[in-house]
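No lab work stands behind these numbers, since they all come straight from the coordinates. None of the values given here were measured: they were computed from a predicted structure. In this analysis, Cβ positions are derived from the backbone assuming ideal geometry, glycine residues included, and neighbour counts consider all displayed protein chains.
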Amino acid sequence: ERRIKGSWKDAASMELWLGQFGLELEKWGSDSFLSVDDLFSEIENGESQLEVWGRHDGASLLVRVVHVLQLQVRSLDPHLRERFLLHVWQQDSGQEETAHREILRLVAKKLKNMGSDSFTQADFAQQTEKIIDEQLTVQMDAFFHLEERGQLSKLQDQMVQSLPSERPKVTKLKFIDKRFDVEQSVSYKGLYTMYHLYTMEADIDGLPSSDFTTINFKHRNGQGCVNGWRWISWQSLQDIMHAKLSLLERVAENHKRGNKEVQDQLDTGAAQLEQVAQYLANSGSAARSSGPCSFIRTGNFNGSRDAEAANIEETRCVTQEVTERLRQLKQRFANYYTSSG
């Protein structure tokens with residue numbers, strides 16, 4: 001069964017339909033989770049669809065299907081040759097609380113393609129331009145943040161008029177790979193999502209040479225958001241992942257059984273780390289051809305094949321280690337749920 005745009009008359013009717021799948025809908029729209037209204041808008045905009053899959057035990061599994069274009073963005077600044085752009089955090093102008101939501105992923109955008117699973121190079125080039133317009137054009141310093149709900153609507157006219165005449169420009173765009181992932185969504189509590197991920201390498205001129213923020217006025221149908229960006233090295237990304245994993249392990253070790261708030265925190269953190277680990281794994285394989293990770297791991301563009309092979313093997317081992325620690329951590333979560341149930 002597949003549900004797409006037009007399957008429900010409004011978000012309320014969709015919420016009634018979702019109730020049959022045992023999702024914790026009461027948590028949607030709170031903390032870092034998006035709401036039922038957000039999912040309804042996403043589907044009506046053609047950015048995702050829902051499918052009902054049959055499991056081996058006869059039960060039904062609801063799966064959200066999303067096509068995502070992600071960019072490995074590099075700067076033309078020679079001082080940043082060994083770094084790529086990481087989306088670190090986001091502040092949503094429409095939320096009651098303006099807390100930072102941790103992201104930790106590449107520059108990305110959901111693709112509108114319901115009814116077609118194929119894209120051309122021209123499609124990717126067009127979507128890349130949209131990503132730049134929406135996510136990377138309105139640039140602020142690294143310390144800019146929202147202090148109240150709806151703040152961006154008050155600033156939009158003033159800031160749009162003061163934009164520089166020249167926007168960031170793509171000087172090189174190259175397709176890297178396509179892959180599929182099925183995992184629990186970080187945005188919608190308990191909802192499995194199948195990601196069709198298309199990765200492009202993009203050299204972009206006109207980006208700041210230090211960490212910065214941007215404003216996306218089109219986010220969530222015009223409510224807007226602030227995004228935090230960091231130029232990061234391959235090794236730094238691995239360090240961040242290890243630090244977050246260690247923190248989750250300590251929390252899991254010390255938390256009280258039956259504490260659902262902490263268990264939700266652990267689930268969300270583990271799902272986020274799975275995405276980063278998957279990116280590490282795929283970047284390791286992509287290094288054989290191109291992409292920022294190729295020269296990050298070898299240290300220069302002329303490194304020997306032996307050195308490159310050794311660094312790729314090191315990356316593979318690191319990814320395997322993190323994956324195993326995540327597996328053990330998720331098993332610990334499952335044990336907690338069983339004992340507290």
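Packing order of peptides 239-250, 53-64, highest average first: 239-250, 53-64 (average count of other Cβ atoms within 10 Å over each peptide's residues).
A full extension of the chain between S209 and Q20 corresponds to an added length of 63.1 nm, given 0.36 nm per residue minus the alpha carbon distance.
Cβ neighbours within 10 Å, averaged per peptide: list 99-110, 170-181 in order, most packed at the top. Intermediate results must be reported in sequence, preceding the final value.
Values: 99-110: 17.4, 170-181: 14.1.
By packing density, highest mean first, the sequence is 99-110, 170-181.
Peptides 200-211, 221-232, ordered by how many other C-beta atoms sit within 10 Å of their residues on average, highest first, read 221-232, 200-211.
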